[in-house]
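Novice: First the structure, then my questions, so here it is.
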Amino acid sequence: MSLASFPPAVHVRAPGKINVYLGVGGRHDDGYHALATVFQAVSLYEDVIARERDVFSLSVSGAVDADAVPLDDRNLAMRAAKALAAETGYAGGVHLELRKNVPVAGGMGGGSADAAAALVACDALWGTGCSPQQLHAIAARLGADVPFALHGGTAVGTGRGDQLNPALARGRFDWVLVTSERGLSTPAVYGRLDRMRNENGALADDPPLSLDVPIPVLQALRAGDAHSLAASMFNDLEAAALRERPALDATISAGLQIGALSGIVSGSGPTVAFLCETPESARYVQGELQTAGHEALHVHGPVPGARIISA
Ligand code: C5P
């Protein structure tokens, strides 16, 4: 097939995520922790537009502090494009335009969504024809959350969070997200958790290396029951994120007082995700939090993973 038959630009959209459950086990020798998590993809998206070039380059724009996003090989989207080229023997390059909406270093997998979108966009742009399994394997090497950004929906993640199984989820869940101006470093939050566990007398490698998601979480998702999910949501990283950013405690209390069913730090934070009963109650909670001076967004989940918008 001639190169001319491939499109000169491909636009892919990938979602941010919330961990509705995040259990953290012991630390493996590679520094990663054993996880049992449930991801839900939500309607806050990263857009990536890939254009044919001889070399690799990147630009960033969007509603978030784009200055905090590196434009070189530290950027996960850049690494994703190069990994796909290496894997497939593609000799050219690409310009990736990232339009960001997911908070940077916010615990919502924004960088992972960029990487997943870049993989799908470059595969279509270059005509490299990877299978979903091949893309998943490359994604898992890039970062623990990247496979989920490809997959979307609601899924259980085990291993480092990269071994995915779809979870049945009925209906839609309404979330209000409170974002923070300053992000939190994921390794710093995991490190804090290890130190807290040490302080409590448990060695960091005492927690089990294999964990399960509690049945009530899966039942609540399957039933589409926001009240049950609110009662079973949990995040092992929350205590560590609160130590790193004590002000989040007051944010969670504020949302609960206003009428959210439950509030949880998303991933390693500092974004706080409030689960609400209905779209109307979510709009109310969002409005009240904004009035109180918070940056609050109303989103819903589950939504699909990385997908082509135009080519
Ligand atoms: O894979 P990713 O780049 O998203 O992970 C960022 C960091 O988060 C890792 O370097 C590690 O410190 C921590 N992490 C972890 N265990 C996991 C996932 C992430 O300790 N399962």
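Novice: If a residue has to be surrounded by 14 or more Cβ atoms within 10 Å (Cβ to Cβ) and touching a Ser or Thr at 6+ places or on another chain (Cβ under 8 Å) to count, how many in segment 165-187 make the cut?
Specialist: Residues meeting the conditions: 9.
Novice: Being surrounded by fewer than 22 Cβ atoms within 10 Å (Cβ to Cβ) and among the hydroxyl-bearing types (Ser, Thr, Tyr) is the filter; apply it to segment 32-44 and report the residue that is modelled with the lowest pLDDT.
Specialist: TYR32
Novice: Right, next: Identify, from the list VAL10, VAL55, the residue that is surrounded by fewer than 22 Cβ atoms within 10 Å (Cβ to Cβ) and either within 14 Å of the ligand (Cβ to nearest atom) or under 18 Å from LEU119 (Cα atoms) (or both).
Specialist: Exactly one of VAL10, VAL55 is surrounded by fewer than 22 Cβ atoms within 10 Å (Cβ to Cβ) and either within 14 Å of the ligand (Cβ to nearest atom) or under 18 Å from LEU119 (Cα atoms) (or both), namely VAL55.
Novice: What strands (runs of 3 or more DSSP E), lying completely within segment 147-247, carry at least 3 residues that are more than 15 Å from VAL38 (Cα to Cα) and aliphatic (A, V, I, L, M)?
Specialist: 173-179
Novice: Continuing with this model, one more query. Restricting to segment 135-146, name every residue that is under 21 Å from GLY31 (Cβ atoms), in contact with a Pro (Cβ under 7 Å, 6 or more places away or on another chain) and more than 10 Å from the ligand (Cβ to nearest atom).
Specialist: Selection gives ALA139 alone.
Novice: In this structure, does THR291 turn out to be touching an Asp or Glu at 6+ places or on another chain (Cβ under 7 Å), of a type in the set (S, T, N, Q) and at pLDDT 95 or above?
Specialist: Considered against the rule, which asks whether it is touching an Asp or Glu at 6+ places or on another chain (Cβ under 7 Å), of a type in the set (S, T, N, Q) and at pLDDT 95 or above, THR291 comes out as no.
Novice: Further, regarding this structure: Tell me, please, whether a residue that is modelled with pLDDT under 95, surrounded by 24 or more Cβ atoms within 10 Å (Cβ to Cβ) and at positive phi can be found in segment 137-160.
Specialist: Taking every residue of segment 137-160 in turn, none turns out to be modelled with pLDDT under 95, surrounded by 24 or more Cβ atoms within 10 Å (Cβ to Cβ) and at positive phi.
Novice: Here is a follow-up. Considering only residues that are of a type in the set (Gly, Ala, Ser) and at pLDDT below 95, which ones fall in segment 196-231?
Specialist: Residues satisfying the conditions are GLY201, ALA202, ALA204, SER210.
Novice: Can you tell me which residue within segment 248-267, out of those that are more than 16 Å from the ligand (Cβ to nearest atom) and part of a strand (DSSP E or B), is surrounded by the fewest Cβ atoms within 10 Å (Cβ to Cβ)?
Specialist: SER262
Novice: Also, quick follow-up: Going by the structure shown, is ALA149 within 16 Å of the ligand (Cβ to nearest atom) and either of a type in the set (Asp, Glu) or closer than 19 Å to ALA113 by Cα (or both)?
Specialist: Yes, satisfied.
Novice: Follow-up question, since we're still on this one. Name every residue in segment 268-305 that is surrounded by fewer than 19 Cβ atoms within 10 Å (Cβ to Cβ), over 24 Å from ALA223 (Cα atoms) and in contact with a Cys (Cβ under 9 Å, 6 or more places away or on another chain), in order of residue number.
Specialist: TYR284
Novice: Looking only at residues in segment 178-194 that are at pLDDT 95 or above and more than 18 Å from ALA68 (Cβ to Cβ), which one is farthest from the ligand (Cβ to nearest atom)?
Specialist: Residue satisfying both the conditions and the ranking: VAL178.
Novice: Something else about it: For ARG245, only one of the following conditions fails: (1) in contact with a Cys (Cβ under 7 Å, 6 or more places away or on another chain); (2) surrounded by fewer than 20 Cβ atoms within 10 Å (Cβ to Cβ). What is its number?
Specialist: It is condition (1) that ARG245 fails.
Novice: Would you say CYS130 is closer than 21 Å to PRO8 by Cβ and in a loop (DSSP other than H, G, I, E, B)?
Specialist: Yes; evaluated as a whole, the condition is true for this residue.
Novice: Separate question: Give all pairs with beta carbons closer than 6 Å in which a residue from segment 211-222 that is farther than 15 Å from ILE18 by Cα meets a residue that is hydrophobic (A, V, I, L, M, F, W, C) and in a helix (DSSP H, G or I); count only pairs at least 6 apart in sequence or on separate chains.
Specialist: Matching pairs, first to second residue: ALA220/LEU229.
The values are calculated or read from the model by the stated rules, or taken from the named source; none is laboratory data. Worth saying up front: this structure is predicted, and the values here are computed from it rather than measured. We place every Cβ from the backbone using ideal geometry, glycine too, and count neighbours over all the protein chains shown.
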